[in-house]
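Since the structure comes first, as structure tokens, the remarks are kept for the end.
The values are calculated or read from the model by the stated rules, or taken from the named source; none is laboratory data. Treat the numbers as computed from the prediction; the structure is a model and nothing was measured. Here the Cβ positions follow ideal geometry from the backbone for every residue, glycine too, while neighbour counts run over all protein chains shown.
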Ligand SMILES: *[C@@H]1O[C@H](CO)[C@@H](O)[C@H](O)[C@H]1NC(C)=O
Ligand SMILES: *[C@@H]1O[C@H](CO)[C@@H](O)[C@H](O)[C@H]1NC(C)=O
Ligand SMILES: *[C@@H]1O[C@H](CO)[C@@H](O)[C@H](O)[C@H]1NC(C)=O
Ligand SMILES: *[C@@H]1O[C@H](CO)[C@@H](O)[C@H](O)[C@H]1NC(C)=O
């Protein structure tokens, strides 16, 4: 069913409450002073470093308390690092998830840059359950998702040895530069991203596997060029214990063009949107 989670709308309205922060946000747009800083002095503090020659864009990190690992998603590669020492090569596992030459050519043919755009950038790296991670990559502007068996740190394959892949549209952006967000709550994936190649159809989407998907309706223009920052799950039913948990909420944090401001230039505003976990879109 492709209908709307009704609660996104009311929340966008609620997000306008953030308007009072707007003044300071605009004033400090070029000021990149961090709110919390962490002085690093190699002599006083020993920090462990991880990087691999020839591997770029370490953009997805997953700290996994289940197995004391740090999972890292980079361009065409993933790593499993032991938290006891992320720099110890002996304790690392890696897997390569490259893009077939045909896909890269297709990407280049569509006008994208072969040396920057047409690779598989890992954008989503989440724990699915105790044995598997869920991973999505841009796959040369043709996003796909797959499963990683954490015991072997390999992509899940079917009986004939093919990697089990799912369409990544509405989950993972096409463009590696695009800022998206994703979270898994009770086995269901929620994403804030763009759903098309051109990158002009922003979407908040809920799905996993072959199940029903719900998404924001593009024609309503609820989202205006959003840049997603993150997402979070906040349980509201506890400790009262609503048996269906239908007031549990998923929050999306982003900035976007504030169309309610009648200025010459687009004004970028911070927003929070939320969807109810129990919302079936009816
Ligand atoms: C991946 O792991 C293998 C085996 O440990 C190692 O030989 C190889 O250099 C690693 N590759 C990367 C990119 O880290
Ligand atoms: C975790 O999910 C994978 C992929 O759907 C599935 O094959 C596996 O059996 C699940 N593991 C558990 C413990 O539920
Ligand atoms: C993960 O891979 C190992 C080795 O191939 C296999 O024994 C195990 O059953 C797999 N786990 C799951 C949950 O598929
Ligand atoms: C990937 O890394 C390169 C080199 O650091 C950088 O120039 C480029 O902007 C990065 N691309 C993405 C999509 O993060």
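For the reader, a short list of remarks on this structure follows.
- Among the candidates 125, 133, 95, residue that is within 16 Å of ligand 1 (Cβ to nearest atom), modelled with pLDDT of 95 or more, touching a strand residue (DSSP E or B) at 6+ places or on another chain (Cβ under 8 Å) and not in a loop (DSSP other than H, G, I, E, B): 95
- Given (1) without any contact (Cβ under 8 Å) to a residue 24 or more places away in the chain; (2) within 11 Å of ligand 2 (Cβ to nearest atom); (3) assigned to a loop (DSSP other than H, G, I, E, B), number of the condition residue 159 does not satisfy: (2)
The rows are residues; the columns are (1) in a helix (DSSP H, G or I); (2) under 22 Å from the mean Cα position of the chain (by Cα).
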{"site": "78", "(1), (2)": "no, yes"}
{"site": "86", "(1), (2)": "no, no"}
{"site": "90", "(1), (2)": "yes, no"}
{"site": "99", "(1), (2)": "no, yes"}
{"site": "103", "(1), (2)": "yes, no"}
{"site": "111", "(1), (2)": "no, no"}
{"site": "114", "(1), (2)": "no, no"}
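- Scope the range 164-187; condition within 13 Å of ligand 2 (Cβ to nearest atom), touching a strand residue (DSSP E or B) at 6+ places or on another chain (Cβ under 8 Å) and either in contact (Cβ under 8 Å) with a residue 40 or more places away in the chain or part of a loop (DSSP other than H, G, I, E, B) (or both); matching residues: 164, 166, 184
- Matching entry among 53, 117, 68 (being touching a residue at least 12 places away in the same chain (Cβ under 8 Å) and farther than 30 Å from residue 199 by Cα): 68
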